[in-house]
Structures are given as structure tokens and as C-alpha cells.
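Enquirer: Attaching a single structure in C-alpha cells format; questions to follow.
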Amino acid sequence: MSLNPTDLFDVRSLLSDEERMVQDAVARFTDEKVLPIIGDCFDQGRFPRELVPEVASLGLLGSSLPEEYGCAGMSGVQYGLICQELERGDSGIRSFVSVQSSLCMYPIFAYGSEEQRREWLPRMAAGEVIGCFGLTEPHGGSDPANMKTSARRDGGDWVLNGAKMWITNGNLAQIAIVWAQTEDGIQGFIVPTDTPGFTAQEIHKKMSLRASVTSALFLDNVRIPDASRLPNVKGLKGPLGCLTQARYGITWGPIGAAIACYSEALEYSKERMLFNRPVAATQSAQIKLADMARRITLAQLLVLQLGRLKDAGKMVPSQVSLAKWNNCRMAIDIARECRDLLGGAGITTEHAAIRHALNLESVITYEGTETVHQLVIGREVTGINAF
Ligand code: TGC
Ligand code: FAD
């Protein structure tokens, strides 16, 4: 019996019927709607906004939140599979869903009032309201505790001042979840982007995540009522708790990108005839392809166990750090190696490898750089904080 080259250990057999159904539905969406247009979107630096209604109707926005808020009530493993299949298309599409789901809907659900949940979540699940998440600031994203953006109490209102940098969906969003320093520590605010004093400026000249909107946000005396503050969390654990959710999805996503690159390079090297034999018949190409298959298999098993821990309520943030580090590194190395196996053909967006390799430069940086996650694991195993 021959094995499936993209699932050598039949990890799919460990999934439930419901999990396989979700994976298949998102895979179909990626094959039919994303792949035909994504190379052009990347070339043009355009986020394919026209796909948002279908993403929403598939239940992919806030997919793990309860049905009473218009969401799909899916499991952590299902969310992971969604991220994997979307990122097989493009990291930018997965980013859109990660930000909306884990960084905007999750904090409203986890830290918001019941009124805030009912006001925003159903419309966000339907894709009618898009969110962005403002944590990173221009002076250094790895150290969010050193936050300069401030929120000052003024009667029944708050007045926000500061700047946020590298914000996904910034120019698409109707609301921004803004984290700001207050007298009581860091707090989160739901800021409608049409509030006077709020501006978003799109960042151009990106060579990565070109099919995604990335912006700088500026807050100049932005006045919002106390009802816009997320009342149920104070301190850095608020935004870090959102990051744990988003990073979890990002442990799965790059597997999709790696599979896309590896599948393409595998087929190409079987057909490309050089020195009277297919490239795939050479020992060096086989070692490269075998190594990719090995690393993809390990990543698949890692995230499935992580997802099972999450669904059992036992996942801890440092486990997410290890998996984000491992799987982003796995995917970027594979994407670059695949680009090489395609030769010159690998440098255009007619093939997927260069697009994924460039995208993964962002994925390995955002949501905590590789170094940040290595230091989290270093701290976990030594008990010594090296930050
Ligand atoms: P520390 O001061 O020790 O902890 C503060 C409080 O937070 C708790 N905590 C966490 N809670 C949940 N999840 C986590 N991952 C947590 N890490 C820490 C902690 O227990 C403590 O709680 P309490 O109750 O004692 O107050 O903070 P630390 O030393 O652990 O943090 C240092 C460090 C460097 C790990 C952290 O600052 C960090 O992760 N920096 C990286 C920042 C980052 O990842 N930014 C991402 C911005 S968003 C983004 O990139 C979106 S891209 C989206 C897309 O397009 O897909
Ligand atoms: P810095 O923190 O300045 O890091 C610079 C270098 O220093 C890195 O190599 C880092 O690993 C290293 N370093 C840091 N600390 C240490 C240490 N202790 N020891 C040794 N080396 C260290 N942020 C948001 O809030 N919301 C978003 O929606 C969002 N979307 C993004 C989309 C894209 C496309 C990108 C590229 C970024 C996005 N980010 C977002 C920001 C992202 O989270 C930050 O870029 C990231 O956290 C790193 O911060 P920085 O860019 O300021 O780099």
C-alpha cells in the first residue's frame, strides 16, 4: 500500500468525522476560490475582500465561539484545520481570519460585557464588521509591556493617544481593539475606526503578506465612552491571552503553506527532465523531499496533540510557543527549499513557493518572533527569565 505523500502517518485518520468535514469544506474553498486568484492578488498587493462573505458563511469567523453569538461553536482542532487549509492558499487569508477570530472576537467574548458581546459578535461572525488588533507600537513589538499608548479617564469617557504599527486589517476595519496604558495598568478598548482622532495609514512596499492589509494606526485625543472599555481584564495578560489563541492557529497554518510548496515541488521534480532523468530520480532531490515529508509529519502530529490539549482545557502558552517556533521554521525552510527545486521557475508567482516563502517571513516574525518563542521555552526548561 502506498502512503499519502502529504500525510505519511495518516494523521487524518485521527480526526473525527466532524473535523474531516470542516477540513474538506475549507479545502474546497481554498481550491476553488483562493488558488485561482491569489497569485494575482499577491502581485497586485490586493487583499481579496470579495471572499469575506463566503468565509463568513462557512462559519470561519470566530469559529470557536458559541452559537448564541452567531458563531459556529467549533473545537480547537477544527479551528486549527481551518487555519491549515486557508494557509495552504495564502498566509494573508489565514491572517485575516486569525485577526478577526482570535484577536478581535475572542477578547470581546472573553473580556467584554454581555452588551458588548451582543453588539459586536454576531455582526463580526457575519463579516459585516471587521476588526483589527492594535498591540505593537513603533518602538518595539517584542516588549509590549513597554507600551506608550495611553488612555486617560476624563469624566465618563476615556481619551486615547498613541500609535500602533504593523496592524493587520487596519484599513479594512470598522473597529479596532486598542491596548493602552492606564493608571490601573494595560486595558483594552473597542474603538470604532470612524471616531474623530483615529486614523489608519496603509503600509506599502511590503514584500511579504502582499494579499493582506497592514497599517499604522494613530490615536490623537480619541474620545470614547467607558462602555467601550473591555471591563473584565487588566494587565498584560489581556493581550497575551488573545495572542495565545491566535498563535495556536498559527501553529497549524504554516503546515498548509508547507504542504502547498512541497506538493508543487514534488510534482515538478518528477516531471523536470535533466541529464536524461527526472530531477526526482536524483539522490539529492530525494533527500530534500524526504526531509520535507519528515518535517511536515512531525508538525502534523505536534499540532494535533496541541489541539487535543486545548480542547481538554490543558494547553499552556509555552506549548504554543514551541509549536509556533517549530512549525514556522519548518514551513519557511521547506518553502525556500522548494523554491530552489523549481529552479528559475521558482522565482515567479506562477508557482506558490516564493509567495509562501515571502509570506512566512511575516508569519515567523509576528505573534512573537522566533527568538521570543525560543526564550519562552528557555525560560520554561531552566526556570530563568532571559528576556
Ligand atoms: P509577564 O510579564 O511574565 O506576564 C504578564 C502576564 O501575562 C500572563 N501571560 C500570558 N497569558 C496568556 N498567554 C500568554 N502567552 C502569556 N504569557 C504571559 C502571565 O501569566 C502574567 O499574568 P499575571 O496574572 O501574572 O499578570 O510577561 P512575559 O514575561 O511572559 O512576556 C514576555 C514576552 C516577551 C513573552 C511577551 O511580552 C511576548 O509575547 N512578546 C511578543 C509580543 C507579540 O507576540 N506581539 C504580537 C502582536 S499581535 C500580532 O502580531 C498579530 S499578527 C496577526 C496576523 O496577521 O495573523
Ligand atoms: P522588535 O521587537 O523590534 O524585534 C527586533 C529583533 O530583536 C527581532 O529579531 C527579535 O527577535 C529580536 N529580539 C527581541 N527581543 C529580544 C531579546 N530579548 N533577545 C534577543 N533578541 C531579541 N502587531 C499587532 O499588534 N497587530 C497586528 O495585527 C499585527 N500584524 C502584523 C502583520 C505583519 C505583516 C507584521 C510583519 C507584523 C504584524 N504585527 C502586528 C507586529 C508583530 O507582532 C511584530 O512585528 C513583532 O512582534 C516584532 O516586533 P517588532 O517588529 O517591533 O520587532
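The values are calculated or read from the model by the stated rules, or taken from the named source; none is laboratory data. Keep in mind that this is a model prediction, so the values were computed, not measured. Ideal geometry is used to build each Cβ from the backbone, glycine not excepted, and the neighbour counts take in all protein chains shown.
Enquirer: Whether any residue in segment 366-380 is touching a Phe, Trp or Tyr at 6+ places or on another chain (Cβ under 9 Å) and either away from ligand 2 (no atom under 15 Å from the Cβ) or within 18 Å of residue 92 (Cα to Cα) (or both) is what I want to check.
Expert: yes
Enquirer: Another question about this same structure. Name every residue in segment 164-188 that is more than 22 Å from residue 98 (Cα to Cα) and within 13 Å of ligand 2 (Cβ to nearest atom), in order of residue number. Quick ask: steps written out before the conclusion?
Expert: In the first step, residues of segment 164-188 are kept if they are more than 22 Å from residue 98 (Cα to Cα); the result is 181-186.
Hit for segment 164-188 is 186, nothing else.
Enquirer: Turning to a different aspect of this structure: Starting from segment 1-29, keep only residues that are under 21 Å from residue 73 (Cβ atoms), then list their pairs with residues that are of a type in the set (Lys, Arg) and modelled with pLDDT of 95 or more whose Cβ atoms are within a distance under 7 Å, requiring at least 6 positions of separation or different chains.
Expert: 20/12
Enquirer: Can you name the residue in segment 130-163 that is of a type outside the set (Ser, Thr, Tyr), surrounded by fewer than 22 Cβ atoms within 10 Å (Cβ to Cβ) and away from ligand 2 (no atom under 16 Å from the Cβ) and is also nearest to the chain's Cα centre (by Cα) among such residues?
Expert: 161
Enquirer: Quick one: would you say residue 234 is within 30 Å of residue 302 (Cβ to Cβ), surrounded by fewer than 19 Cβ atoms within 10 Å (Cβ to Cβ), at pLDDT 95 or above and touching a Gly at 6+ places or on another chain (Cβ under 8 Å)? Lay out the reasoning, then the answer.
Expert: On the way: within 30 Å of residue 302 (Cβ to Cβ): no; surrounded by fewer than 19 Cβ atoms within 10 Å (Cβ to Cβ): yes; at pLDDT 95 or above: yes; touching a Gly at 6+ places or on another chain (Cβ under 8 Å): yes.
No.
Enquirer: May I pose another question? Can you tell me which residue among 347, 296, 334 is in contact with a strand residue (DSSP E or B) (Cβ under 9 Å, 6 or more places away or on another chain) and away from ligand 1 (no atom under 15 Å from the Cβ)? Quick ask: steps written out before the conclusion?
Expert: Numbers: 347 fails: in contact with a strand residue (DSSP E or B) (Cβ under 9 Å, 6 or more places away or on another chain); 334 fails: in contact with a strand residue (DSSP E or B) (Cβ under 9 Å, 6 or more places away or on another chain).
Step by step, each of 347, 296, 334 is checked, and only 296 is in contact with a strand residue (DSSP E or B) (Cβ under 9 Å, 6 or more places away or on another chain) and away from ligand 1 (no atom under 15 Å from the Cβ).
Enquirer: Scan segment 262-282 and tell me whether some residue there is crowded, with 23+ Cβ neighbours inside 10 Å and at pLDDT 95 or above.
Expert: Yes: one or more hits.
Enquirer: Criterion first (of a type outside the set (S, T, N, Q), in contact with a Ser or Thr (Cβ under 6 Å, 6 or more places away or on another chain), surrounded by 21 or more Cβ atoms within 10 Å (Cβ to Cβ) and in contact (Cβ under 8 Å) with a residue 24 or more places away in the chain) does residue 178 satisfy it?
Expert: Values: of a type outside the set (S, T, N, Q): yes; in contact with a Ser or Thr (Cβ under 6 Å, 6 or more places away or on another chain): no; surrounded by 21 or more Cβ atoms within 10 Å (Cβ to Cβ): yes; in contact (Cβ under 8 Å) with a residue 24 or more places away in the chain: yes.
Answer is no for this residue.
Enquirer: If I filter segment 331-360 down to residues being in contact with a helix residue (DSSP H, G or I) (Cβ under 7 Å, 6 or more places away or on another chain) and within 15 Å of ligand 2 (Cβ to nearest atom), which single residue comes out as nearest to residue 42 (Cα to Cα)?
Expert: 355
Enquirer: Among the residues of segment 211-222, is any on the phi > 0 side of the Ramachandran plot and within 12 Å of ligand 1 (Cβ to nearest atom)? Talk me through it step by step, then tell me what you get.
Expert: Narrowing segment 211-222 to residues on the phi > 0 side of the Ramachandran plot: 221.
From the residues that got through so far, the ones that are within 12 Å of ligand 1 (Cβ to nearest atom) too are none.
Checking segment 211-222: not a single residue is on the phi > 0 side of the Ramachandran plot and within 12 Å of ligand 1 (Cβ to nearest atom).
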